[in-house]
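Structure, as structure tokens:
The values are calculated or read from the model by the stated rules, or taken from the named source; none is laboratory data. Not measured: the values here are computed from a predicted model. Here the Cβ is made from the backbone with ideal geometry for all residues, glycine too, and neighbour counts use every protein chain on show.
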């Protein structure tokens, strides 16, 4: 599953013009990962000069990434979970990639200083207060920006042309097939959709004559027949 998650992030970054490299090809199983092994991807934007100021937004998309010259990326799928502040505090391996030791190793490898520290994760709480608390916690741990999987997949789907065959990418080809058969919804349509209220049915037209119920009362009522 981790390779699928990394493939999604890699395709997304490459679609935005980044050169992406995976720093290691092995999987750590029998021991704890060292700090530098928590890093999943390294990305460089050749269109930007190093030293550009980072976006101020905490959740990043294409517009924010266009301002990033280089980045160190950690991918945390866990697609059935919402990353709350309490969950993040109990799982320090989620943000260990942003520790100074790991960043020094990345700077030496990329030849650029102060790479953006990006965490790609499944989802955050829906309620504003827990969501802001989780983002604030990540900011306090050195994370510069958070990218969520749902916006990534929606942006990738929007960029696809169903008339093209993406034979060199299994992920893009799969998204193209789903989009071709209308199995993917447009994120923009979901964003701007408005709920339409149903109008109440018009009252029945009166003919000028009283109905038997209005004359004699409802026979099921306790007051029926009483005057």
Exercise for the section: Scan (1) surrounded by fewer than 18 Cβ atoms within 10 Å (Cβ to Cβ); (2) out of contact with any helix residue (DSSP H, G or I) (no Cβ under 6 Å at 6 or more places or on another chain); (3) in contact (Cβ under 8 Å) with a residue 12 or more places away in the chain; (4) within 27 Å of residue 24 (Cα to Cα) for the single condition residue 136 breaks and write down its number. Expected result: (4)
Problem - Flag for residue 185 being more than 18 Å from residue 4 (Cβ to Cβ), under 21 Å from the mean Cα position of the chain (by Cα) and modelled with pLDDT of 65 or more - result: yes
Handout entry: Answer residue from the stretch 100-113, given it is touching a strand residue (DSSP E or B) at 6+ places or on another chain (Cβ under 6 Å) and in a helix (DSSP H, G or I) and is farthest from residue 44 (Cα to Cα) among those
Key = 106
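Table: residues versus (1) in contact with a helix residue (DSSP H, G or I) (Cβ under 6 Å, 6 or more places away or on another chain); (2) more than 20 Å from residue 97 (Cα to Cα).
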residue: 5; (1), (2): no, no
residue: 14; (1), (2): no, yes
residue: 23; (1), (2): no, no
residue: 26; (1), (2): no, no
residue: 35; (1), (2): yes, no
residue: 43; (1), (2): yes, no
residue: 51; (1), (2): no, yes
residue: 60; (1), (2): no, no
residue: 65; (1), (2): no, no
Practice task
Output the number of the condition that residue 127 fails; it satisfies all remaining conditions of (1) farther than 19 Å from residue 13 by Cβ; (2) in contact (Cβ under 8 Å) with a residue 24 or more places away in the chain.
Solution key: (2)
Handout entry: Selection within the stretch 47-70 - within 18 Å of the chain's Cα centre (by Cα) and either under 18 Å from residue 7 (Cβ atoms) or touching a residue at least 12 places away in the same chain (Cβ under 8 Å) (or both)
Key = 55, 57, 58, 59, 60, 61, 62, 64, 65, 66
Practice task
Check the stretch 9-24 and report whether any residue there is in a loop (DSSP other than H, G, I, E, B), surrounded by fewer than 17 Cβ atoms within 10 Å (Cβ to Cβ), in contact (Cβ under 8 Å) with a residue 60 or more places away in the chain and over 18 Å from the mean Cα position of the chain (by Cα).
Solution key: yes
Problem - Check on residue 92, without any contact (Cβ under 8 Å) to a residue 12 or more places away in the chain, within 19 Å of residue 143 (Cβ to Cβ) and either exposed (fewer than 15 other Cβ atoms within 10 Å of the Cβ) or in contact with a strand residue (DSSP E or B) (Cβ under 9 Å, 6 or more places away or on another chain) (or both) - result: yes
Handout entry: Residues (surrounded by fewer than 18 Cβ atoms within 10 Å (Cβ to Cβ), out of contact with any helix residue (DSSP H, G or I) (no Cβ under 7 Å at 6 or more places or on another chain) and over 14 Å from residue 143 (Cβ atoms)) located in the stretch 96-111
Key = 104, 107, 108, 109, 111
Practice task
For the stretch 33-45, state whether one or more residues are modelled with pLDDT of 90 or more, closer than 24 Å to residue 133 by Cβ, part of a strand (DSSP E or B) and touching a strand residue (DSSP E or B) at 6+ places or on another chain (Cβ under 9 Å).
Solution key: no
Problem - Residues (within 21 Å of residue 122 (Cβ to Cβ) and surrounded by fewer than 13 Cβ atoms within 10 Å (Cβ to Cβ)) located in the stretch 171-189 - result: 174, 183, 185
Fill in the blank from the handout: Those residues of the stretch 46-75 which are outside any loop (DSSP other than H, G, I, E, B) and crowded, with 21+ Cβ neighbours inside 10 Å amount to 65, 70, 71, 72, 73, 74, 75
